[in-house]
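This report refers to the structure that appears directly beneath it.
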Amino acid sequence: MAKLRVTFTFVGVQVQDPVIWQLSQKFAVKTNIRRADIKDDIGWVTLELEGEEEVLHQGIEWVRSTGTEVELVTGDVIG
Amino acid sequence: MAFATALKCRECGREYPTDPLNVCEFCFGPLEVKYDYEAIGKTISRDRIQNGPLTMWRYEDLLPVDAANAVDLQTGFTPLIKATNLGRILGLDHLYIKNDAVNPTNSFKDRVVSVAATKAMEYEFKTLACASTGNLAGSVAAHAAKAGMSSYIFIPSDLERGKVVGAAIYGPTVVAIDGSYDDVNRLCSELADTYPWAFVNINMRPYYAEGSKTLGYEVAEQLGWQAPAHCVVPSASGSMFTKIYKGLNEFEDLGLIPKVNTHMHMTQAEGCSPIAAAYEAGTTRVRPVKPNTIAKSLAIGNPADGYYSLKVIEDSHGDATIVPEEEVVEGIKLLAENEGIFTETAGGVVISGLKRLVERGAIKRDEVTVAYITGNGLKTIEAVEELVHPVHINPTMAAFHEQIPNP
């Protein structure tokens, strides 16, 4: 099983979409929320995702396809 | 001896032992090194620093490792040069260039990697690793060689040949990844969780980042134990920007310099300016971008220290400047032709950003200003090679006079 710590950012009407619930319904990915800040027009949620590596990547690609931004909590590590 | 006492979460304040960790296990906030400043205050002094080595390790009391075991390539204490020619052109009487391009692997990354490698040895890691677009790769590979560690360098597969050679020569395993920067970032995070390696800017990051404080200490010491009125700094993740300011403030808190009234000016290239864009938008929420800039050493689309950089700008009454891509090379030329210093593209961003700051009145003629040059121009030859047009002649005096009539 692989784990990834990521931040989802929702913009505009997406703030109201149950993206995290849908992710766990569509893919065998465990979601574990640690921090969040949701406002009317923008919101972010920091969470850990756990699942088989390939399923995890498919899940992240699906989240991105909804227009949600997905970034590592560490920020970019390339330097 | 080291005065680091703990790692502390910058978000929730929870503390952890000084282990190889980079995020808070509770809230996933970033961790920062906490020091016993009272004990440091009893030890440190101007004399003690001045009697130390002519390297960054003269500030050992403020670094989170034991300097006696430092993995040291003689990094730091780089020249602070009075830039009289450039100052005259820009209208500044007290302009200084901090030339950090003369470090052992030709960039400021040696400061952070030296600390990270030393900490990695303390933890008895056998392997040093990083993901890099150039500067970090060379520094990690060189320090691993010095420390007798093995090293893994992960690079995007389209990285320029010169940068690959600049790292590969030290003997690391170089892994070129076919994919986007996002893919490289994600894979390296997964590798860091999987292998018992010291990833310098992942599990070593809290210690690694502290190395940049020495850029603040050195400038203050070289200016005769005072902070400048302005620092003009290039930014990628924003880490160095925040640490220079932290370094200056630590010196003030320890009584080594008078009150710090330094304005911190961040510069980013237009093709990757997420922090400066947030500043301009008046928000502390940095929106990630896809980098598309010739300043590749600044191409961090999702900057880890973006929020904290914006706080430094606010605290220091500084600002952020976005430099158009076409002005990056102009900045490189301006520095080279007037001060004899050849910088990489990040330095071009700094000099062009400085020019804009003066033009809009953010820096006054009589104020002490330091522009940070963090990498050597030979690393980004491709950015400027079109500017070079040698005169070709046959090996005769006649041919020379024909081409150069009035030498």
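Where a number appears in this text, it was derived from the coordinates with a stated rule and is not lab data. None of the values given here were measured: they were computed from a predicted structure. Cβ: placed from backbone, ideal geometry, glycine included. Neighbour counts: every protein chain shown.
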Gaussian network model of chain B, springs between alpha carbon atoms under 10 Å - residue of B:PRO196, B:PRO20, B:PRO303 with greatest fluctuation: B:PRO196
Under Karplus coefficients 6.51, -1.76 and 1.60, residue-wise ³J(HN,Hα) of the stretch B:102-117 in Hz, glycine/proline x: 9, 5, x, 10, 6, 7, 5, 4, 4, 5, 6, 6, 4, 5, 4, 5
Global form of chain A, assessed from the alpha-carbon gyration tensor, a/c cut-off 1.5: oblate
5 angstrom amide H check on B:GLU160, placed H, neighbours 5+ away: none
Nearest-ten-degree value, helix B:326-339 long axis tilted from longest Cα axis of chain B: 80
Potential extension, B:ARG14-B:ARG360 segment - 0.36 nm per residue separation minus Cα distance: 120.3 nm
Residue-averaged [θ]222 nm for chain B, counting only DSSP H segments that reach four residues, each worth -39500 (n - 2.57): -11000 deg cm²/dmol
Estimated distance in nm for a label pair at B:ASP66 and B:GLN50, the labels positioned 7 Å out from Cα along Cα-to-Cβ: 3.0
Of B:VAL328, B:THR84, B:PRO104, farthest towards positive along the dipole that unit charges on Lys, Arg, Asp, Glu beta carbons give chain B: B:THR84
10 Å Cβ neighbours from other chains, averaged over peptide B:298-306: 4
Total formal charge among the other residues, if their Cβ is under 13 angstrom from that of B:LYS296, Lys/Arg +1 and Asp/Glu -1: -4
Listed residues B:HIS392, B:HIS317, B:HIS265, most fluctuating in chain B (Gaussian network, C-alpha, under 10 Å): B:HIS392
